[in-house]
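Just below is one structure, and these are the notes that go with it.
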Amino acid sequence: MNNLAITELCMERTGRVAWPVFGEDHCGAKEVVQGGRVEIEYWAKLRFSPDSLDDRGFLVDNMAIERFMAGETRTPTALSCERLVRYCIERFVAYVNATEPKCRILSFEMTLSPDPFNFKDGAVYRPVVPISATRFGEWLMGAVRRVTNNRKEA
């Protein structure tokens, strides 16, 4: 095998779900609600660290996003598209963290496009690695030392 430097692995999925809605401010126009449901197209792209493969050599199950979205649509929502996409990302990230301990998500982009599918609302998830003030101070002092040493050598 050659020595390629793979920096991330990606998974992209699209699909449609019919989400039951209620209330005044739900995702999708009131005019397109049929039988209490709004047809929503979704697009999801996940980026994982290259060491995220399980023992069989896979990331999350190929059908995980589809099953997840189908399962979530069992519960009616009154959320706006913007809040619904955030909810979906938070829930799916929690699912991956619970079921795939080797998977490390670098980012998760998702858009929801309710019928008539002519606009998209989306969100991007990127985990934040907290850094303590002490570690930041150590990093900053190291950066200052490197700059100072480079000036002395020049």
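Please treat every number below as a calculation from the coordinates, not as lab data. A quick note: this is a predicted structure, and the numbers were derived from the prediction, not measured. Because the Cβ atoms are built from the backbone with ideal geometry, glycine has one as well, and the counts that use them run over all protein chains shown.
Taking the Cβ of each residue in W19, W43 as the centre, tally the other Cβ atoms inside 10 Å and list the residues starting with the fewest. Numbers along the way, then the final one.
Details: W19 24, W43 15.
Placing the least packed residue first, the sequence is W43, W19.
Going from the residue with the fewest nearby Cβ atoms within 10 Å to the one with the most, F58, F68, F48, F22 rank F22, F58, F68, F48. Computing FRET efficiency as 1/(1 + (r/R0)^6) for A98 and E24, where r is the C-beta to C-beta distance and R0 is 30 Å, gives about 0.35.
Cut-off is 10 Å between beta-carbons; in what order do Y87, Y42 appear when sorted fewest neighbours first?
Details: Y87 14, Y42 22.
With the sparsest Cβ surroundings first, the list reads Y87, Y42.
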